[in-house]
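J.: I am attaching a structure below and will ask some questions about it afterwards.
The values are calculated or read from the model by the stated rules, or taken from the named source; none is laboratory data. Owing to the predicted nature of the structure, the values given are computational and were not obtained by experimental measurement. A quick note on method: Cβ atoms are made from the backbone with ideal geometry, for glycine too, and the neighbour counts reach across all protein chains shown.
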Amino acid sequence: MTVIGLESSCDESAVAIVRRAPNGRIDVLAEQVLSQHAAHAPFGGVVPEIAARAHAEVMDALVAQTLAEAKLTLDRIDAIAATAGPGLIGGVMAALMTAKGLALGSGKPLIAVNHLEGHALSPRLVEPIDFPYLLLLVSGGHTQLLIAEGVGRYHRLGSTLDDAAGEAFDKTAKVMGLGFPGGPALERAAEAGDPSRIALPKPLQGRPGFDFSFAGLKTAARQNWESLDSPAPKDTADLAAAMQARIAESLAERTAFAMDHFARAYPEKNAPVLVVAGGVASNRTIRKALDLAASDKGFRLLAPPMKWCTDNAAMIALVGAEHFVRGRTDPLDTPARARWPLDAASAKLQPAIGSGRKGPKA
């Protein structure tokens with residue numbers, strides 16, 4: 001089964017083609033990614049209108065380039081998958097409308113993909129993973145702990161009560177003038193820093209449960225920075241290191257609670273797996289903290305390669321293939337969605353950060 005996937009939920013325009021073997025093995029035949037970092041850098045963050053226009057301008061050409069790289073034509077593709085949410089709605093529409101046009105013109109089926117499920121299944125691009133497994137989804141817009149019970153079936157344990165970890169990274173980097181994108185810039189600055197020199201609070205320290213909170217930490221970092229008359233390079237490095245360390249410690253502690261819960265819920269799992277996915281999963285300090293926590297709890301930490309941690313279309317094509325092989329397709333009037341929780345039932349009953357007329361936010 002060969003599936004083409006399109007992704008445009010934030011500031012990466014991406015197309016990929018994957019082939020799924022009958023035994024579930026995935027081969028990435030071709031992939032193209034165009035970053036918009038240069039367009040958004042002057043603003044210190046992603047500007048939705050700029051992102052949407054940039055996606056619309058390049059998506060069709062990316063499809064053509066990816067097909068050429070794979071030495072395939074559209075008639076050799078079995079299904080067309082595209083991110084349908086969540087994300088910046090103008091951006092989401094670019095990939096979804098392109099995919100609808102391809103599906104209509106070729107007669108191929110359409111699969112509308114939840115971008116978060118792309119991250120959830122992304123390690124399966126490298127190796128098969130048996131369900132269930134524990135999932136830490138950590139990115140610029142989401143920080144959640146879930147149990148992945150199967151394709152399309154996720155149970156949320158906890159979410160952020162305010163800011164996501166990636167948002168805390170990005171906004172702190174912007175305050176400190178580290179550049180865009182903020183997360184990688186802060187990680188680079190932290191390499192020369194002493195994380196113990198500057199005291200920052202550890203979010204929800206010792207509090208039971210699986211939720212996260214990073215707004216207070218972000219505020220403390222900003223106040224510390226603004227209290228410095230003329231920050232020296234050492235101040236920059238040490239504050240970046242302290243911020244990174246507190247986020248890593250919080251993620252590891254809350255995930256350790258979830259590993260205990262998972263072990264009680266699934267005592268038959270002899271080799272439980274903790275998957276960490278999303279853009280923040282590329283941070284080396286966070287990976288190390290989670291690896292230590294997982295080892296302590298008898299779990300194996302599994303994370304996708306760095307190139308598949310951030311937004312990409314290989315994971316979208318993968319999700320499309322997994323749903324298509326199970327017989328699921330979507331109509332051409334499928335809408336783009338700014339919000340689309342992986343566990344809609346939990347999000348509706350217990351929204352982590354509120355719910356409006358457009359549905360639960362997380």
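Conditions tested, residue by residue: (1) modelled with pLDDT of 95 or more; (2) crowded, with 20+ Cβ neighbours inside 10 Å; (3) hydrophobic (A, V, I, L, M, F, W, C); (4) farther than 16 Å from ARG254 by Cα.
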site	(1), (2), (3), (4)
LEU110	yes, yes, yes, yes
LEU136	yes, yes, yes, no
HIS142	no, yes, no, no
ALA148	yes, yes, yes, yes
GLY152	yes, no, no, yes
LEU157	yes, yes, yes, no
LYS202	no, no, no, no
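J.: Please pick out the residue among MET93, MET97 that is within 21 Å of the chain's Cα centre (by Cα) and outside the structural domain of TYR154 (by TED's automatic domain parsing).
T.: None of the other options fit; the residue is MET93.
J.: Residues in segment 290-342 that are assigned to a helix (DSSP H, G or I) and farther than 24 Å from ILE111 by Cβ: how many?
T.: Adding up the residues that qualify gives 9.
J.: Would you say VAL46 is surrounded by fewer than 24 Cβ atoms within 10 Å (Cβ to Cβ) and not aromatic (Phe, Trp, Tyr)?
T.: Yes.
J.: Oh, and also: Would segment 28-38 turn up any residue that is in the same structural domain as ALA317 (by TED's automatic domain parsing), surrounded by fewer than 18 Cβ atoms within 10 Å (Cβ to Cβ) and over 22 Å from the mean Cα position of the chain (by Cα)?
T.: No; the residues of segment 28-38 include none that is in the same structural domain as ALA317 (by TED's automatic domain parsing), surrounded by fewer than 18 Cβ atoms within 10 Å (Cβ to Cβ) and over 22 Å from the mean Cα position of the chain (by Cα).
J.: Taking ASP296, is it of a type outside the set (Val, Ile, Thr), within 20 Å of ALA120 (Cα to Cα) and either out of contact with any Phe, Trp or Tyr (no Cβ under 7 Å at 6 or more places or on another chain) or surrounded by fewer than 21 Cβ atoms within 10 Å (Cβ to Cβ) (or both)?
T.: No, not satisfied.
J.: Working only within segment 184-223, note down all residues that are within 26 Å of MET306 (Cα to Cα) and basic (Lys, Arg).
T.: Correct list: ARG188, LYS218.
J.: Among ASP238, ASP211, which is the only one that is within 24 Å of LEU146 (Cβ to Cβ) and not β-branched (Val, Ile, Thr)?
T.: Being within 24 Å of LEU146 (Cβ to Cβ) and not β-branched (Val, Ile, Thr) holds for just one of ASP238, ASP211, which is ASP211.
A quick yes/no check of all residues on (1) β-branched (Val, Ile, Thr); (2) closer than 23 Å to ALA70 by Cβ:
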| site | (1), (2) |
| --- | --- |
| LYS297 | no, no |
| THR310 | yes, yes |
| ALA313 | no, yes |
| ALA321 | no, yes |
| LEU332 | no, no |
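J.: Quick one: what pairs do we get from segment 39-67, first residue over 16 Å from LEU96 (Cβ atoms), second among the basic types (Lys, Arg), C-beta under 7 Å, 6+ apart or different chains?
T.: Within 7 Å, the pairs are GLY44/LYS174; GLY45/LYS174.
J.: A follow-up question, please. Taking into account only those residues within segment 9-20 that are modelled with pLDDT of 95 or more and not charged (D, E, K, R), which is surrounded by the fewest Cβ atoms within 10 Å (Cβ to Cβ)?
T.: ILE17
J.: Can you pull out the residues in segment 278-289 that are modelled with pLDDT under 95, hydrophobic (A, V, I, L, M, F, W, C) and either farther than 30 Å from THR2 by Cβ or outside any helix (DSSP H, G or I) (or both)?
T.: Within segment 278-289, VAL280 is the sole residue that qualifies.
J.: Report, by residue number, each residue of segment 288-306 that is out of contact with any strand residue (DSSP E or B) (no Cβ under 7 Å at 6 or more places or on another chain) and without any contact (Cβ under 8 Å) to a residue 40 or more places away in the chain.
T.: Result: SER295, GLY298, MET306.
J.: Might you let me know whether segment 120-128 holds any residue that is of a type in the set (Ser, Thr, Tyr) and buried (at least 21 other Cβ atoms within 10 Å of the Cβ)?
T.: yes
J.: Please work out if LYS71 is more than 20 Å from ARG326 (Cα to Cα), among the basic types (Lys, Arg) and either in contact with a Gly (Cβ under 8 Å, 6 or more places away or on another chain) or surrounded by fewer than 16 Cβ atoms within 10 Å (Cβ to Cβ) (or both).
T.: So LYS71 fits the description; yes.
J.: Please specify each residue of segment 75-102 satisfying the condition of being under 24 Å from LEU29 (Cα atoms) and in a strand (DSSP E or B).
T.: Hits for segment 75-102 are ALA79, ILE80, ALA81, ALA82, THR83, ALA84.
J.: Confirm whether ILE247 is β-branched (Val, Ile, Thr) and outside any loop (DSSP other than H, G, I, E, B).
T.: The answer is yes for ILE247.
J.: To continue, here is another question. If we scan segment 341-350, do we find a residue that is more than 19 Å from the chain's Cα centre (by Cα) and at pLDDT 95 or above?
T.: no
J.: Among what's in segment 159-200 and is under 21 Å from ASP238 (Cβ atoms) and within 17 Å of the chain's Cα centre (by Cα), pick the residue that is surrounded by the most Cβ atoms within 10 Å (Cβ to Cβ).
T.: That would be ALA168.
J.: Quick test for you: out of LEU6, LEU62, pick the one residue that is assigned to a helix (DSSP H, G or I), of a type in the set (A, V, I, L, M, F, W, C), surrounded by 20 or more Cβ atoms within 10 Å (Cβ to Cβ) and in contact with a strand residue (DSSP E or B) (Cβ under 7 Å, 6 or more places away or on another chain).
T.: Going through LEU6, LEU62 in turn, the sole match is LEU62.
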